[in-house]
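Chemist: First, the structure itself, so that you have it in front of you.
Taken together, the values in this text are just the output of simple stated rules run on the coordinates, not laboratory data. What you see is a predicted model, and the numbers here were worked out from it, not measured in a lab. Positions of Cβ are generated from backbone atoms using ideal geometry, with glycine treated the same way; all protein chains shown enter the neighbour counts.
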Amino acid sequence: MKIGFIGLGNMGGNLARLVAQDERYRSELLLANRSRDKAEKIAAELGGQPASNAEVFAQAEVIFLGIKPAQFADLLAEYQEILDKRDSLLLVSMAAGLPLETLEKLTPSHHRWIRIMPNTPVAVGEGVITYALSQQANQVDEDLLRELLSSAGLLVKLEEKQLDAATALAGCGPAFVYLFIEALADAGVRAGLSRDISLELANQTLLGAAKLGQVSAQHPAQLKDQVCSPAGSTIAGVASLEENAFRGTVMAAVQAAYQRTQELGKWNNCHFAFFEEKIES
C-alpha cells in the first residue's frame, strides 16, 4: 500500500518520519514537495521515494496533505482528472480551519477524508494528534490512521466542532509551555544559576511534573498541594502567581488562540465559497 505525502514542511516531514518508523511502510512512501531537492533529501533519509504531486495522486492509497489551507482548492482542482479515475482514496488534511464539508466539495464524492491536528512534539513521539472523520471514512480508515501515526504520542478522536478548541489547547499549547520554560530559566539566572543549568532544570521540571500528572491519577491541585508546605517557599511563589492572575492569563491565551482559529476558519470558508462560485460560473 502506497502512502503519499504532499508538502514536507515541518509537520508534513515529521509525520512522514513517524510513518517511516514502521518498516512495512518505509519503502511504500511517496514524497512530494514544492522543492524537489527537499523531497529527495527526506526520501534518502527515510527510505521512501521522491515523487511528483501527480505521481502521489495516481499511485498512493493514503495521501497526507501538508499544504496551506489556501492552496487546497488549486491543488485538488489541478489533479481532479486523476482523482475522478481513482478508486476511493483516504485523504488526510492537517490544515487548520478547513472543515470536512469544504474538503469533500473539492474532491469526487467517493473519496474519504480525515482531518488531523498534530502538535510539534510529535517529532519526538510525545505529541498530540486530534482528528475527525468525514461521513465516508470508516472504522478501517480510523484504525489505519492510528496505526500509521502510532508513534506520534496521544491520538484523540473528536467531533469536528471540537477541533478548534483542541487546536488552541494542544496545537498552540507548546508555545505557551516554551514561554513558561524560558521564564523559569530566566528566573534561575536571576537567582544566580548559569543559563545552561537553568534551562536544564526548567526542562526537566516541566517534563517530570507532566509525567507525574499523567500517571498519578491525581488532580493537578492535589499534586500542587503536596509541594506546598505551610509558610514555605513554594506557597509563597504560588501566591505570587495567583496575585498576578497566572491562571486567568493562561486561560485568556487559550481563548485568544481559539477565537483566532475560528476567525481563520471563517476566512477559509469565504475563500472557498468564492472559489466554488468561480468554478460554477
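Chemist: How much mean residue ellipticity at 222 nm does the chain get from its helices, if each DSSP H run of length 4 or more adds -39500 (n - 2.57) and you divide by all residues, to the nearest 500 deg cm²/dmol?
Modeler: Rounded to the nearest 500, it is -17500 deg cm²/dmol.
Chemist: Give, rounded to the nearest 20 debye, the magnitude of the charge dipole that the chain has about its Cα centre when Lys and Arg contribute +1 at Cβ and Asp and Glu contribute -1 at Cβ.
Modeler: Magnitude of the dipole: close to 420 debye.
Chemist: Still on this model: In the neighborhood of residue 164, defined by Cβ-to-Cβ distances under 15 Å, what is the net charge if each Lys or Arg adds +1 and each Asp or Glu adds -1?
Modeler: So the environment of residue 164 carries a net charge of 0.
Chemist: Taking amide H positions as placed in the peptide plane 1.01 Å from N, state which residues far from residue 113 in sequence (5 or more) or on other chains have amide H under 5 Å from it.
Modeler: Placed amide hydrogens put 91, 134, 136, 137 under 5 Å from residue 113.
Chemist: To continue, here is another question. Run through the DSSP bridge list for the chain and note the antiparallel percent, rounded to the nearest 5.
Modeler: Percentage antiparallel, nearest 5: 20.
Chemist: Next question, about the same structure. GNM on the chain, C-alpha springs below 10 Å: top fluctuator among 245, 191, 54?
Modeler: Highest fluctuation among the options: 191.
Chemist: Given the peptides 80-93, 175-188, arrange them by the average over their residues of other C-beta atoms within 10 Å, most packed first.
Modeler: My ranking of the peptides, most packed first, is 80-93, 175-188.
Chemist: Can you give the Rg to Rh ratio of the chain, both from alpha-carbon atoms, with Rh computed by the Kirkwood formula?
Modeler: Over the Cα atoms of the chain, Rg/Rh equals 1.04.
Chemist: Still on this model: Around residue 153, what is the net charge, scoring Lys/Arg as +1 and Asp/Glu as -1 over all other residues with Cβ under 14 Å from its Cβ?
Modeler: Its environment carries a net charge of +2.
Chemist: Continuing with the same structure: Using a 10 angstrom cutoff on alpha carbons, build the Gaussian network for the chain and name the most mobile of 221, 209, 256.
Modeler: Looking only at 221, 209, 256, the biggest GNM fluctuation is shown by 221.
Chemist: Need the C-alpha centroid separation for the range 225-261 versus the range 33-79, integer Å.
Modeler: So the two Cα centres are separated by 43 Å.
Chemist: Let me ask something additional. Compare 78, 243, 263 in a GNM of the chain, Cα atoms joined below 10 Å, and give the one with the largest fluctuation.
Modeler: Between 78, 243, 263, it is 243 that shows the largest mean-square fluctuation.
Chemist: Follow-up question, since we're still on this one. Give me log10 I(q)/I(0) at q = 0.12, 0.17, 0.18, 0.21 Å⁻¹ for the range 3-159, Debye formula, one equal scatterer per alpha-carbon, no solvent.
Modeler: At q = 0.12, 0.17, 0.18, 0.21 Å⁻¹ the computed log10 ratios are -0.45, -0.96, -1.10, -1.56.
Chemist: Enumerate the amide H contacts of residue 127 below 5 Å, restricted to partners 5 or more residues apart or on another chain; note that Pro and chain-start residues carry no placed amide H.
Modeler: Residues meeting the amide H criterion: 122, 153, 154.
Chemist: Here's another thing I want to ask about it. How charged is the neighbourhood of residue 8? Take every other residue with its Cβ under 12 Å from the Cβ of residue 8, and add Lys/Arg as +1 and Asp/Glu as -1.
Modeler: Net local charge, residue 8 excluded: +2.
Chemist: For the pair residue 68 and residue 190, what calculated FRET efficiency results from E = 1/(1 + (r/R0)^6), where r is the Cβ-Cβ distance and R0 = 51 Å, to the nearest 0.05?
Modeler: Efficiency at R0 = 51 Å is approximately 0.80.
Chemist: Take the Cα gyration tensor of the range 172-244, multiply each eigenvalue by 5, square-root it, and list the three semi-axes largest first, rounded to whole angstrom.
Modeler: Its equivalent ellipsoid spans semi-axes of 21, 17, 12 Å.
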